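Beneath this line is the structure, given in structure tokens, with notes to follow.
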Amino acid sequence: MRYTNEYVSTAGLIILLPSRKWQADCSVRPVHHSLSDRRRPNQVKKVKTTGDHRIFQKRSGRYAVQDKNKRFLHGDDKTKVLLEAGLVTGPEPKPKAEEAGAEEGSAS
């Protein structure tokens, strides 16, 4: 480091300051990474493509559904598309009240 500028403080101390030329010649610069370098690769993978929808699977195992306008679907619309694609199963129907009542009547 080259000291060319001197500064005398009010207490009488001589302080050497680095020259501005040295600061300009300094080859050590901070490295700025773009945001794309920080992203994890393969966060989602495309599972299926239909005429109107694209279905992705997230790393957590859940699904994301995108329509042809590249908007993500939610709720009942998303469930309907996933059921049609066969990726999820629907809820099992509950037993009917008549069958449950017949079993209780025969037990007494």
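The values are calculated or read from the model by the stated rules, or taken from the named source; none is laboratory data. Not measured: the values here are computed from a predicted model. Cβ coordinates were reconstructed from backbone atoms using ideal geometry, including for glycine residues, and neighbour counts include every protein chain displayed.
Worth a mention:
- Residue within segment 15-34 that is modelled with pLDDT of 65 or more and loosely packed, with under 10 Cβ neighbours inside 10 Å present: no
- Qualifying residue in segment 59-67 (condition: small (Gly, Ala, Ser), in contact with a Ser or Thr (Cβ under 9 Å, 6 or more places away or on another chain) and surrounded by 15 or more Cβ atoms within 10 Å (Cβ to Cβ)): no
- Selection within segment 68-93 - surrounded by 14 or more Cβ atoms within 10 Å (Cβ to Cβ) and under 20 Å from the mean Cα position of the chain (by Cα): 73, 78
- Flag not set for residue 106, criterion: within 21 Å of the chain's Cα centre (by Cα) and either modelled with pLDDT under 90 or part of a helix (DSSP H, G or I) (or both).
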